[in-house]
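One structure below.
The values are calculated or read from the model by the stated rules, or taken from the named source; none is laboratory data. Since the model is a prediction, treat every value here as computed from it, not as a measurement. Note that each Cβ is placed from the backbone with ideal geometry, even for glycine, and that neighbours are counted across all protein chains shown.
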């Protein structure tokens, strides 16, 4: 008999016993029923914990990222075979959960976990079904830049054993990169090619990894050699041991890393010759269906490409009206487009493109975060324990990294959350945008939501460490405006910058769907941005190139933010004077990441249970 059937029998026995029938509402029956719910909920949570450990065992790199000590000498298996195995495993887990657990026998949080696991696995399987169109490499992400960054940022060398682990991973690079290359070659054979402009970018990024010593005669060290040398030389051991470790590291770089990247560059150059200038997902095999699946994955809604496009147009128009009001406040005479040009070109709005200018930017960005950190009590009940720092993107990946992004803290507290800023070109990081940008990537944006989720107690790890783009990015975009409520946008230009960040995401709805559904070319998308948002042209072109290789992702930000604003307005209207912004924010972020439909249910429950008559 299945365990759920046994549990059902137990409930049936409780409800049909003659004695209990006579005392249907007795405390004994309620207690037994509650105990069974507690037991079944614990059994499900134990099952989730076992599945998480099973999944984590397959990814030594994930364990390193989370700050766990085992597997530091290994890289993941990223072959197509391994990916298929993971999907079969996910499918079997979903079937097992549905077979062995009854959602009606669970407490509220466990029932929510059941639903979230179900939704997440179904999404994984749907995404995998069209995954042959996901580019293995791109100029925005991929193993060619992701692996060196991982080794540099997460490869701890605090002992001789740590150095040996790092070297073991260097020796495994050829296999790891080779697995990704094999997948990219299979894609190419099936008619999946990146737009022509991308190949030069990924090729250059790969060359950067093996540029400098020891790969060539140079006074400059390559990024990986510089990193491992610095770490080994900092060890407290004999010079002879350091020299031995350095020789092993150099050999691994020359016999594993270099041939892997030479082969990769040759593949990029070969495929580039057959690539076209078509940019959108529509050009890929079954491209329309692929894009629809990606939209559903990123937005967690059933909105169509046309609906998202129209929402974007309406939001751009709304925000432009607010921008015109600020333009009048600062006394600018001219059109909104002329005001954009003024913001892009006037030197008062950028730091100097020098080391001193970059240091000044980092100093001010850190000050913005520190100031906001000290004001959280007015807006939040729950706050993260993990610290957060601001760092500059490493020069070797400036050409391919985002303008700004966030990395979560280690679970053991050994690594803080990190807000990274790409300062390759200071013109692309104007002063009037930096306040909203810091709020988005740091506090109260990504760091608040992600670090708090990691620290939640009593929830399965897939909830505390998982994520839904619409929720995560929607929260961060919503967070850009929160400081306005406590008077932190005192400079009208920075207030305009907050609107600039908002319209940036609204316009994404237009250009992403334009490129991938309406067959806009690259230049049409660029021009739409230049006509409608204040961002510098270099930033605009980088963003459009990002959307081209990452279909649908950019739509999640504004769709998520609009849902959060809709739910807040509903709570404020329904609760009146009983509305507490701190409790509302806790409702949003104290359950981890959830799809937008489930977020709405959580807010509805908060509204209902917070009303005086239901307390």
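What to note about this one:
- Members of region 543-570 found to be surrounded by fewer than 21 Cβ atoms within 10 Å (Cβ to Cβ) and more than 18 Å from the chain's Cα centre (by Cα), listed by number: 562, 565, 566, 568, 569, 570
- Residue list for region 404-423, filter: in contact with a helix residue (DSSP H, G or I) (Cβ under 7 Å, 6 or more places away or on another chain) and at pLDDT 85 or above: 404, 405, 406, 408, 409, 417, 419, 421, 423
- Condition check for residue 419: more than 30 Å from residue 108 (Cβ to Cβ), buried (at least 22 other Cβ atoms within 10 Å of the Cβ) and touching a residue at least 12 places away in the same chain (Cβ under 8 Å): yes
- Taken over region 318-336, the criterion of being under 17 Å from residue 530 (Cβ atoms) and surrounded by fewer than 13 Cβ atoms within 10 Å (Cβ to Cβ) is satisfied by 334, 335.
- Of the residues making up region 90-112, those that are in contact with a helix residue (DSSP H, G or I) (Cβ under 6 Å, 6 or more places away or on another chain) and within 12 Å of residue 45 (Cβ to Cβ) are 101, 106, 107, 110, 111.
- The lone exception for residue 526 - which of (1) in contact with a helix residue (DSSP H, G or I) (Cβ under 7 Å, 6 or more places away or on another chain); (2) in the same structural domain as residue 303 (by TED's automatic domain parsing); (3) more than 19 Å from residue 304 (Cβ to Cβ); (4) surrounded by 21 or more Cβ atoms within 10 Å (Cβ to Cβ) it fails: (4)
- Every listed requirement among (1) under 18 Å from the mean Cα position of the chain (by Cα); (2) in contact (Cβ under 8 Å) with a residue 60 or more places away in the chain; (3) surrounded by 21 or more Cβ atoms within 10 Å (Cβ to Cβ) is met by residue 441 save one, (2).
- Conditions (1) part of a helix (DSSP H, G or I); (2) in contact with a helix residue (DSSP H, G or I) (Cβ under 8 Å, 6 or more places away or on another chain); number of the one not met by residue 289: (2)
- Residue within region 57-64 that is in contact (Cβ under 8 Å) with a residue 60 or more places away in the chain and either crowded, with 16+ Cβ neighbours inside 10 Å or in a helix (DSSP H, G or I) (or both) present: yes
- Checked against the criterion of being outside any loop (DSSP other than H, G, I, E, B) and assigned by TED's automatic domain parsing to the domain that holds residue 261, the candidates 110, 149 yield just one match: 149.
- Residue list for region 468-487, restricted to those being surrounded by fewer than 18 Cβ atoms within 10 Å (Cβ to Cβ) and assigned to a loop (DSSP other than H, G, I, E, B): 487
- Scanning region 556-581 for residues that are out of contact with any helix residue (DSSP H, G or I) (no Cβ under 7 Å at 6 or more places or on another chain) and touching a residue at least 40 places away in the same chain (Cβ under 8 Å) yields 562, 581.
- Of the helices (runs of 4 or more DSSP H) lying entirely inside region 505-615, the ones with 3 or more residues being under 30 Å from residue 426 (Cβ atoms) are found at 522-532, 537-549, 556-575.
- Yes/no for residue 462 being assigned by TED's automatic domain parsing to the domain that holds residue 406, surrounded by 24 or more Cβ atoms within 10 Å (Cβ to Cβ), out of contact with any strand residue (DSSP E or B) (no Cβ under 7 Å at 6 or more places or on another chain) and part of a helix (DSSP H, G or I): no
- For region 230-237, the condition holds for no residue, the condition being that it is within 22 Å of residue 259 (Cα to Cα), assigned by TED's automatic domain parsing to the domain that holds residue 165, in contact (Cβ under 8 Å) with a residue 60 or more places away in the chain and in contact with a helix residue (DSSP H, G or I) (Cβ under 6 Å, 6 or more places away or on another chain).
- In region 344-360, the residues that are assigned by TED's automatic domain parsing to the domain that holds residue 493 form Cβ pairs under 6 Å with partners that are at pLDDT below 95 and in a helix (DSSP H, G or I), at six or more places apart or across chains, as follows: 349/343; 349/431; 349/432; 350/426; 350/427; 351/426; 353/426; 357/426.
- Qualifying positions in region 146-196 - farther than 22 Å from residue 256 by Cα and crowded, with 16+ Cβ neighbours inside 10 Å: 187, 188, 192, 193, 194, 195, 196
- Residues in region 319-350 that are outside any helix (DSSP H, G or I) and either within 28 Å of the chain's Cα centre (by Cα) or within 24 Å of residue 479 (Cβ to Cβ) (or both): 350 only.
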